[in-house]
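The values are calculated or read from the model by the stated rules, or taken from the named source; none is laboratory data. Since we're looking at a predicted model, the values are computed, not measured. Cβ placement follows ideal geometry from the backbone for every residue including glycine, while neighbour counts extend to all protein chains displayed. Keep in mind that these areas ignore ligands, DNA and RNA; they rest on the heavy atoms of the full protein, side chains included. Shrake-Rupley method; radii C 1.70, N 1.55, O 1.52, S 1.80 Å.
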Amino acid sequence: MVAARPSKAEVFGKCGKRLRDRTAESGIFLPLTRLPERPTRIAVRRDFSAIFRLILALTMIFPALATSAMAADKVELSVDASKTGAKIDRNLFGQFAEHLGHGIYDGIWVGPDSPIPNTRGIRNDVVAALREIKVPDVRWPGGCFADEYHWRNGIGSSRAVTLNPNWGGVIEPNTFGTNEFMDFLDQIGAQAYISVNVGSGIPREAAEWLEYMTAAQPTTLATKRAADGHPAPYQVRFLGIGNESWDCGGNMTPDYYLSQLKIYSRFVRNYNPAQQDKKQMLKIAVGPGGGEPRWTEWTEAIMKAYQHHTWSWDMNGLSMHSYTVVKWPPSYTSEGFGETEYAQILKSTLDMNDLINKHSAVMDKYDPEKNVALVIDEWGAWYAPLPGSHPGFLLQQNSLRDAVLAALNLNIFVRHADRVRMANIAQMINVLQSMILTDKEKMVRTPTYYVYKMYVPFQDASFVPVSFDAGAYTHGDITLARVDAIAAKGKDGKLWLEITNIDPNQPVEIEASVAGIAAKSATGETLTAPRVDSINTFDAPNSVVPEPIAVKVQGGKLSLKLEPKSITVISVEQ
Ligand code: AHR
């Protein structure tokens, strides 16, 4: 997927200057209003009689009328709650926060002197919102930023001011460093996923960072940490060894990266006494960025080496990055689009399933026991930057389409839960497909945020298979499964069911037969909105929020009606 993609330095370096130059020169970077021509609805409607046009106009003005007037198709699901499968690792719902645009500064960090309510410089509103979605882990400090990050710049009372050449060439004040990140994690209740610098750092620098964070004994670095305000060692649950080492992380060949991986895996140690056994630090190697042969060859090289690994190095995860972008550079708009762009983006996002299958097959060859997790630590929709925003800041809106996209991907991960045990959406705040958008003192939860909230019961639940005939949704030359669904047995003992109706026009009647438990009652919530491009704004933050949905339970069968373009989560009581 990244094959034809220009490097970040090329696209975003020097405050986006080359981006603008290239736009003018080649037209590769289309202005937002000039997306390629597509067949429009108007063309399709040309043959309609006047009466049909009137009905259509009315239904466009009153979409609810359209919904209730349409006969809903029926989809039958069958769930057997006695057949539980793999654990749905809560780390599938992880986040990614890079020093990029307003992801960290303004999004998380406002500083202790800010008029914006904060705790030790960290925004209280953002912390409260993130606590609600039970963020399991946060990957930090990058992304491409990680391979140029020097941790010593971000500790102590006097911080080095550096640059962020990957993302706009702006000043990096380093005021948010290791201790601030750990404080933030503590406030939101998440685990650390630290990406160490393999590209421009050396093993010693990374090893010393881990010693600074995790040593309990009074070494010089642990004493420094205590002097910086944290005598107790931190826990670092996940260690990312490089980022996209085949591209922005240093353009390495698989063999060159492998030799780095072995060295970092050997010497970058976690000294925290509490992490020597069950909670040991899990090491994640750089993996593929797409499905083409160069990526399967990369997976093959790393996994083959893993199969023969000796005591002196190890890995627990292989990272994979896959964005929904359709084509590079990102040109789809994140707001003000129609059904065509809705269908095209969803079709593209569903490629995630094939990608996982492809790399899982290679992994299975060398690791049939599935000891190594496939970690999808960068995924999500990547659209054109919002007009007027800094092109290197990757700021985009988040619509109902993104909520559907998030649900479809989470469902794919869940169905692969035996191999896919961690995923980190890109990125948590103000960057790409965010949970939260902020503007100075204002904050809004995005439609994607609400999907994460609705999926909380699936964290660490046990997979339960669901069978159904999904039906079809067709728009132009695109046909997609109309309905998607997953089920799980929650830690609370309840059966949980998620059902997405992709079809933006037609409701769906669901009839679900539930075996394995005596279903007595069910409650649920649904997330939908009038349009596929409906968004939450600072002024209207509740346009796309979950609402209760009625579920009938009779004779072990659940019935409910799904609105068009909706995500629904229900819990079944026995
Ligand atoms: O998420 C934005 C960027 O995308 C990351 O920095 C990089 O790893 C990926 O290419």
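Taken together, the criteria exclude Y264 from residues that are among the aromatic types (F, W, Y), buried (at least 19 other Cβ atoms within 10 Å of the Cβ) and out of contact with any strand residue (DSSP E or B) (no Cβ under 7 Å at 6 or more places or on another chain). In the set (1) within 16 Å of the ligand (Cβ to nearest atom); (2) assigned to a helix (DSSP H, G or I); (3) open to solvent by 10 Å² or more (accessible area, probe 1.4 Å), the condition left unmet by A128 is number (1).
Which members of region 379-393 meet the condition of being part of a loop (DSSP other than H, G, I, E, B) and open to solvent by less than 10 Å² (accessible area, probe 1.4 Å)? Full working, then the answer.
Taking region 379-393 first, the residues part of a loop (DSSP other than H, G, I, E, B) are 382-390.
Answer for region 379-393, where residues must be part of a loop (DSSP other than H, G, I, E, B) and open to solvent by less than 10 Å² (accessible area, probe 1.4 Å): Y383, A384.
Only residues that are under 30 Å from E180 (Cβ atoms), open to solvent by 10 Å² or more (accessible area, probe 1.4 Å) and of a type outside the set (G, A, S) were counted in region 239-261, giving 3.
Condition check: more than 16 Å from the ligand (Cβ to nearest atom), over 30 Å from V362 (Cα atoms) and open to solvent by less than 10 Å² (accessible area, probe 1.4 Å). Does Y449 satisfy that?
Working: more than 16 Å from the ligand (Cβ to nearest atom): yes; over 30 Å from V362 (Cα atoms): yes; open to solvent by less than 10 Å² (accessible area, probe 1.4 Å): yes.
So Y449 fits the description; yes.
Taking region 405-425 as the region of interest, how many residues are open to solvent by less than 10 Å² (accessible area, probe 1.4 Å) and under 22 Å from E369 (Cβ atoms)? Reasoning before the result, please.
Going residue by residue through region 405-425, those that are open to solvent by less than 10 Å² (accessible area, probe 1.4 Å) are 405-414, 417, 419-420, 422-425.
Cutting the leftovers down to under 22 Å from E369 (Cβ atoms) gives us 413-414, 417, 419-420, 422-423.
Of the residues in that region, 7 qualify.
Does R120 satisfy the criteria of being charged (D, E, K, R) and touching an Asp or Glu at 6+ places or on another chain (Cβ under 9 Å)? So R120 fits the description; yes. Residue count for region 436-446, restricted to those that are out of contact with any Leu (no Cβ under 7 Å at 6 or more places or on another chain) and open to solvent by less than 10 Å² (accessible area, probe 1.4 Å): 1.
List the strands (runs of 3 or more DSSP E) that sit entirely inside region 151-246 and contain at least 1 residues that are without any contact (Cβ under 8 Å) to a residue 12 or more places away in the chain and more than 21 Å from the chain's Cα centre (by Cα). Write out each step before concluding.
On the way: elements: 162-164, 170-172, 191-196, 238-241.
The strands (runs of 3 or more DSSP E) meeting that bar are 162-164, 170-172.
Just wondering, is there one or more residues in region 308-322 that are in a helix (DSSP H, G or I) and either modelled with pLDDT of 95 or more or closer than 21 Å to W246 by Cβ (or both)? Scanning region 308-322 turns up no residue that is in a helix (DSSP H, G or I) and either modelled with pLDDT of 95 or more or closer than 21 Å to W246 by Cβ (or both).
Considering region 447-491 alone, what residues qualify as being under 25 Å from the mean Cα position of the chain (by Cα) and charged (D, E, K, R)? Listed by number, the residues that qualify are K453, D460, R482, D484, K489, K491.
Could you list, in sequence order, all residues of region 114-166 that are among the basic types (K, R) and within 24 Å of T438 (Cα to Cα)? Talk me through it step by step, then tell me what you get.
Let us first name the residues in region 114-166 that are among the basic types (K, R), namely 120, 123, 131, 134, 139, 152, 159.
Scanning region 114-166 gives R120, R123, R131, K134, R139.
How many residues does region 246-279 hold that are within 16 Å of the ligand (Cβ to nearest atom) and touching an Asp or Glu at 6+ places or on another chain (Cβ under 8 Å)?
The number of residues fulfilling the criteria is 3.
Those residues that are within 24 Å of the chain's Cα centre (by Cα) and under 15 Å from M363 (Cα atoms), I need them from region 303-324; list them, please. Selection gives M315, N316, G317, L318, S319, M320.
Look at N542 and say whether it is over 15 Å from S399 (Cα atoms) and either open to solvent by 20 Å² or more (accessible area, probe 1.4 Å) or touching an Asp or Glu at 6+ places or on another chain (Cβ under 7 Å) (or both). Before the answer, list the steps.
Values: over 15 Å from S399 (Cα atoms): no; either open to solvent by 20 Å² or more (accessible area, probe 1.4 Å) or touching an Asp or Glu at 6+ places or on another chain (Cβ under 7 Å) (or both): yes.
Against the criterion (over 15 Å from S399 (Cα atoms) and either open to solvent by 20 Å² or more (accessible area, probe 1.4 Å) or touching an Asp or Glu at 6+ places or on another chain (Cβ under 7 Å) (or both)), N542 does not qualify.
Within region 131-171, the set of residues being within 16 Å of the ligand (Cβ to nearest atom), farther than 24 Å from G94 by Cβ and not β-branched (V, I, T) comprises L163, P165, G168, G169. The C-beta contact set for region 74-103 (first residue open to solvent by 40 Å² or more (accessible area, probe 1.4 Å), second residue basic (K, R) and more than 16 Å from the ligand (Cβ to nearest atom), distance under 7 angstrom, 6+ apart or interchain) comprises T84/K489. Of all residues in region 467-505, those that are part of a loop (DSSP other than H, G, I, E, B) and closer than 14 Å to A343 by Cα total 7.
Name the residue, out of I284, I302, that is touching a residue at least 40 places away in the same chain (Cβ under 8 Å), within 16 Å of the ligand (Cβ to nearest atom) and assigned by TED's automatic domain parsing to the domain that holds E378.
On the way: I302 fails: within 16 Å of the ligand (Cβ to nearest atom).
Matching residue, one of I284, I302: I284.
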